[in-house]
Each structure stands twice: as structure tokens, then as C-alpha cells.
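Encoded as C-alpha cells, the structure appears first; notes follow it.
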Amino acid sequence: MSHHTTDQRYRVSAVNRNLLQKGGLIGGIILIVFALIFLSLPVKYFFVLSDGTLSLCVGRIGWIDGSKDKGFEPVYLGEEKDPELTALLEKKFKTKEEALEALKPYALHRMHKHLAEIADLEQKMFYHYHILLGEFLAAKQSGIENLDQNIEALKSWLWMYSHRAQYHEGTKKITKETKGEHKAEKQEHQLKGETHVKHE
């Protein structure tokens, strides 16, 4: 009786081991299949906004396997999402160049909008900073030390503001050119669609 029970336990144990081996083999095959499917997926680029900071990421599935692109420096844009930014975040791009090309018109639009919003404030700052620079220079020449960094910072800001008009016009030109390119591409796609319909 004891010998029969031991033999039965041995057979049950052997069956369990076989099942575990088969289960492990099937699991390994499934993992390999999933890995091959994953590797066959194309790499995509996409933008992510986290705590107001915009980053360019790259991955095959999305945020699940995505990682930040090392060549793109994350930029702080604020936590508020406008419709244009929301649309940009929803897109996936085949290449990094395509992603950056999509970012260009949005960045220029945001920049011009913000400059217009702070134009009056900057004009007042220019008046005060111009006088403040003179005060710092007078203090330095009177013998007060450790003012050089403040003086250079004021000079840099005043130079930037004085050349803003030229820079503003330059970026407006880029914006118009970019819009023109997108318009031309849209017209080309429409023309191709019309030609395709005519042939049918």
C-alpha cells in the first residue's frame, strides 16, 4: 500500500514538472513573438508636456516605452495648454526633423504673442533700465566695486530691446515663409486628390 502511494505521488510529480516545462516553453515563445512584434514597430517622435515643460520623446508605442530625445533641450512653456499645443501633443512624427518642423510655427506664434503682451511693460523697463545703467556706471566710476556683472546684464538687455524690431521682422518673415510652405503643400495634396478623382 505504501509502495503504491509513493509510486502514484511520483507520477503526479512527473506530470506537474512536464506541465511546468511546457508552460515555460509556451511563455518563452510568447515573449519572443511579442519582442519581435515590438521591434518591428516603427520608431515615432512625439512631444510631451510635464509640469509646464515641453520635451521631445522617441518610442515605438508612445509614453509607455518613450524616452526623451537627448538632442532636444526641454523648454518651459507654462502649464496652460492652448488648442495649438494640444494638437501638437496629439501628433506622432516619423522623424525628428518632421517633429521640429511642426514645432517651428507654433513656437514663433507663441513668441510673437508673448512679445505683444509684454510690449508696454518692456517699454517702461527700457526707460528705467537706461537710467539705471547710468546710475551703475556713475557708482562704478566713483570707486564702488563689484558692479560689472550688473552693468553687463543691463547693457545686454538694452541691446536686445533696441534690436528687437529687426529681430521681430526677421521672425515674422520666417513665419510667413513657413505658412506659405504649409499652404503650398496643402494645395498640392488637394490637386493630387482632384486629379485622382478625375482619372477615376
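Is it the case that residue 151 is at pLDDT 95 or above, over 26 Å from residue 52 (Cβ atoms), touching a Leu at 6+ places or on another chain (Cβ under 9 Å) and of a type in the set (Val, Ile, Thr)? It is true that residue 151 is at pLDDT 95 or above, over 26 Å from residue 52 (Cβ atoms), touching a Leu at 6+ places or on another chain (Cβ under 9 Å) and of a type in the set (Val, Ile, Thr). The one condition from (1) under 18 Å from residue 53 (Cβ atoms); (2) more than 11 Å from the chain's Cα centre (by Cα) that residue 105 does not meet is (1).
Here is a yes/no grid of residues against (1) of a type outside the set (A, V, I, L, M, F, W, C); (2) touching a residue at least 40 places away in the same chain (Cβ under 8 Å); (3) closer than 12 Å to residue 45 by Cβ:
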position: 59; (1), (2), (3): yes, no, yes
position: 74; (1), (2), (3): yes, no, no
position: 82; (1), (2), (3): yes, no, no
position: 86; (1), (2), (3): yes, no, no
position: 92; (1), (2), (3): yes, yes, yes
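The values are calculated or read from the model by the stated rules, or taken from the named source; none is laboratory data. None of these values were measured; they are calculated from a predicted model. When we count neighbours, we look across all protein chains shown, and the Cβ atoms used for this are built from the backbone with ideal geometry, even at glycine.
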